[in-house]
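This report concerns only the one structure given below.
The values are calculated or read from the model by the stated rules, or taken from the named source; none is laboratory data. Everything numeric here is computed off the predicted structure, so don't read it as measured data. Here the Cβ positions follow ideal geometry from the backbone for every residue, glycine too, while neighbour counts run over all protein chains shown. Just so you know, the surface numbers come from the protein's heavy atoms only, side chains and all, with ligands and any DNA or RNA stripped out. Shrake-Rupley method; radii C 1.70, N 1.55, O 1.52, S 1.80 Å.
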Amino acid sequence: MEIRENPVFGRKIFFLNPSFVVENYIIDYLKKNEYEVYVLTDFRKAKGILSANEDSMCFVNIDSEMPYAHWFNFMKSFSLSDKLKTIYLGVISEKAGWEDKDKFMMNIRLPGGFHLIERKTPKLLEDFTKVLDVNGAKGRRKFLRLDTRNEHDVSGYLAAGGKLFALTIRDISSAGFAVIYKQNIVNLFQKNTLLRNLNISAGRKSMVCSCIVFNTQLNEDGTAMSVLMLTNENPESTRTYIRNYIFEKNAAKIEFELKGIDNDSSSYSDTELYKSLKAVANRDYDGLDVLQDAELEPVDDQS
């Protein structure tokens, strides 16, 4: 069995062609709970973007765009690439039968599992997040954090003593910020100081935030940096906006990468292998070993 250490900062989670239910129920829930989620809508670009983001997770909606046999070949072919071998694949379906589930589970490496979605329930979300957490989707972090040093629509200032002091926002999350400023105002950022007049602009919105200074450090270039944590005085709408802003920025970066990726020209239309596989009803998948490469018959790419 292949053992891979879970990353400290978690994994990107891609959903390929998610259904309306998946996008508006599962993905929405994952975003609210700070998982780094992305949506892909073109399977011809999927291998390229996944190859550029090794050790990510990818959940494929096999009900969309191609027959199950073609999706089987598409996912099975990941074993032929050293980069794609690192991807934690999973399957999502609202229509597949037990035979299809068994064929995928027993013949393709699926650390993300095979999820048959019958209805929206809390247990569905619980089971799904359990799979993500087992595979280190969040790592050790609790919140998504965006490096904003190269973002041109983020700025901040602190109002104190009748003056406005400019701040550079180093990074941002729904839990707080890291800010950089000149050392001559470091006295305003003593540890555990409550700041109620911190103005942050991100995207199209400006927010007056209440923060506690968590930590401050002096830099050799004459600046200082402080980590600020949002207090409970802030409305939930502030955290929601920041979270959505981060997802929008992350999605824009992936969209930019996708523009430079060539379409996958391989054919996945052969159905003979899928038809030849024998499914077993009521199979117990608990403790199912990860398939070794030697156990997987390669699917030849046919242009």
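Here are the numbers for this structure:
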quantity: Number of positions in segment 112-131 that are out of contact with any Asp or Glu (no Cβ under 9 Å at 6 or more places or on another chain) and of a type outside the set (F, W, Y); calculated: 12
quantity: Sole residue being among the aliphatic types (A, V, I, L, M) and in a loop (DSSP other than H, G, I, E, B), chosen from V280, V213; calculated: V280
quantity: Filter result for F59 (closer than 17 Å to G136 by Cα, crowded, with 20+ Cβ neighbours inside 10 Å, in contact (Cβ under 8 Å) with a residue 24 or more places away in the chain and within 17 Å of the chain's Cα centre (by Cα)); calculated: yes
quantity: Count of residues meeting criterion [open to solvent by less than 10 Å² (accessible area, probe 1.4 Å) and not hydrophobic (A, V, I, L, M, F, W, C)] in segment 62-87; calculated: 2
quantity: Unique residue being in a helix (DSSP H, G or I) and open to solvent by 60 Å² or more (accessible area, probe 1.4 Å) when the list is K130, K191; calculated: K130
quantity: Verdict on G136 being within 18 Å of C58 (Cβ to Cβ), free of Cβ contacts under 8 Å to residues at least 60 places away in the same chain and open to solvent by less than 20 Å² (accessible area, probe 1.4 Å); calculated: no
quantity: Residue in segment 124-139 that is at pLDDT below 95 and among the basic types (K, R) present; calculated: yes
quantity: From E220, E151, residue being of a type outside the set (F, W, Y), on the phi < 0 side of the Ramachandran plot and open to solvent by less than 40 Å² (accessible area, probe 1.4 Å); calculated: E151
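Residue by residue, here is whether (1) surrounded by fewer than 18 Cβ atoms within 10 Å (Cβ to Cβ); (2) closer than 28 Å to A251 by Cβ; (3) touching a helix residue (DSSP H, G or I) at 6+ places or on another chain (Cβ under 6 Å); (4) of a type in the set (K, R) holds:
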site	(1), (2), (3), (4)
K95	yes, yes, no, yes
L116	yes, yes, no, no
E126	yes, yes, no, no
R141	yes, yes, no, yes
D147	yes, yes, no, no
G156	no, yes, no, no
A160	yes, no, yes, no
K163	yes, no, no, yes
